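Asker: Just passing along the structure, written as structure tokens.
The values are calculated or read from the model by the stated rules, or taken from the named source; none is laboratory data. Since the model is a prediction, treat every value here as computed from it, not as a measurement. When we count neighbours, we look across all protein chains shown, and the Cβ atoms used for this are built from the backbone with ideal geometry, even at glycine.
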Amino acid sequence: MSARRRLKRVAASQPGFLTLKSSLDPTDLVASRRKRVNKNKKKNWNKYSDINDVEEFLEDVRLQERTTGGLLSEKTDDSLFFVDLGQPEKPEPKVEAAHHDEGKKRKGKASRPLRIDLILQRDSLVPPPKDILAYQQPNAKKLRRIAQNAERLAAKGVLPRRQKQLLSRRPVDRTAKKAETNNNPDRHYYNIWGQEPKASADPWYLQQTGKKLVKRPEKLNQKPSVLPAVEVIAPGGSYNPDFFSHQALLQEAHEVEVQKKKQEDKLERQLAVNKEDKATEETNLYEQVEGLVEEDENDEEVAPSKEDDEAALAAIAVTQKKTERQIKKEKAEKLKEQQRLTNRRQTEQQQQLFQLRSIKASIRQQEQKTKSKRMQRKSKQEAQKAQPRRLGKLKYIILIL
């Protein structure tokens, strides 16, 4: 039995407790002595548990809270009782006044609330529970932290970013006179097709209003190719050319073919093979047989020796255990090796101070190499501008006619 239920039973057993229902008796609400039953088993929980008296007591308490706003035992006498002095006598109304007030009574009856509205009205005196969600504010912690941070910065004299931007803006000249209308008939007309003057407004204003023009990249000003849009052939390639111009064109084509022939001959000379260096059947057989018998004998002799050595080392490692003296000696050698490496590293760092001249020279060489590569890349790009552009992903396009 819970502590709350026990306290309410004790309160109901007191002689000063008042019940709102006439059918209930405070003495009946006191728990009578019950039969001792083993309630360790689940089947005896509902069988031997009688809570009707507790439910009736709680229902009576809830009824008192709804109707009177609290327990009757806690109310004062003035709020529960009043002195009945009888109904006051009213003077008899006059006949004329009765006929005159008849319309008012009808109006009063019509102004009374409807029965359905009276039913829907709240009849409980228990105050409604406090709505916690009504007092909550979204991101209250975050807003409170931002406000505290702003107060702390204001105390130090630090302005927020938004206020700094407003102060950095150029002040507007309010004293400037507005452009007056020109009613002179001899005035000059405005050329709508003329070149517009450059905008001299605030750059921040142009950026916010979207009137700021995008800066044109320098790469768009460069021509992708130096070749003309339409290639004009030599005069010797026309429909009816002159004899000398035609012979000059043939001479140029002949020189191109001569250069190609020279390149082919040079490549053949470089790839030429001496006949004496060619392999014969005897040399091939000698290369195939050479070293086969000696390698097998060496493998048979070496393989068992390696296995025997590994087995002997493993047996020695298992049978012999390191003594404490050997362990200390190995640890001392290990520390000595670490100290030697540390000293060597420090010595190398000190030696680098004397190598500053060579380091500077190597850096200078690296910069020169980078500069030469940049120049080569740039010259290669300039050379590509004089070549026809590739129109697809393939390097060559084969046309079948």
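Asker: Just one of the numbered conditions (1) aliphatic (A, V, I, L, M); (2) in a loop (DSSP other than H, G, I, E, B); (3) modelled with pLDDT of 85 or more is not true of Leu63; which one?
Answerer: All conditions pass for Leu63, except number (2).
Asker: Moving on. Let me confirm something: among Ala234, Ala248, Ala229, which residue is of a type in the set (A, V, I, L, M), out of contact with any Ser or Thr (no Cβ under 9 Å at 6 or more places or on another chain) and either surrounded by 10 or more Cβ atoms within 10 Å (Cβ to Cβ) or over 27 Å from Ser379 (Cβ atoms) (or both)?
Answerer: Details: Ala234 fails: out of contact with any Ser or Thr (no Cβ under 9 Å at 6 or more places or on another chain); Ala229 fails: either surrounded by 10 or more Cβ atoms within 10 Å (Cβ to Cβ) or over 27 Å from Ser379 (Cβ atoms) (or both).
On inspection, the qualifying residue turns out to be Ala248.
Asker: Return yes when Pro224 is free of Cβ contacts under 8 Å to residues at least 40 places away in the same chain and surrounded by fewer than 10 Cβ atoms within 10 Å (Cβ to Cβ) and no when it is not. Walk me through how you get there before you give the answer.
Answerer: Details: free of Cβ contacts under 8 Å to residues at least 40 places away in the same chain: no; surrounded by fewer than 10 Cβ atoms within 10 Å (Cβ to Cβ): yes.
No, not satisfied.
Asker: Right, next: Of these, Gly70, Gly86, which one is assigned to a loop (DSSP other than H, G, I, E, B) and surrounded by 13 or more Cβ atoms within 10 Å (Cβ to Cβ)? Talk me through it step by step, then tell me what you get.
Answerer: On the way: Gly86 fails: surrounded by 13 or more Cβ atoms within 10 Å (Cβ to Cβ).
Only one candidate qualifies: Gly70.
Asker: Continuing with this model, one more query. Out of Gln355, Gln349, Gln339, which single residue is loosely packed, with under 10 Cβ neighbours inside 10 Å and not aliphatic (A, V, I, L, M)?
Answerer: Being loosely packed, with under 10 Cβ neighbours inside 10 Å and not aliphatic (A, V, I, L, M) holds for just one of Gln355, Gln349, Gln339, which is Gln349.
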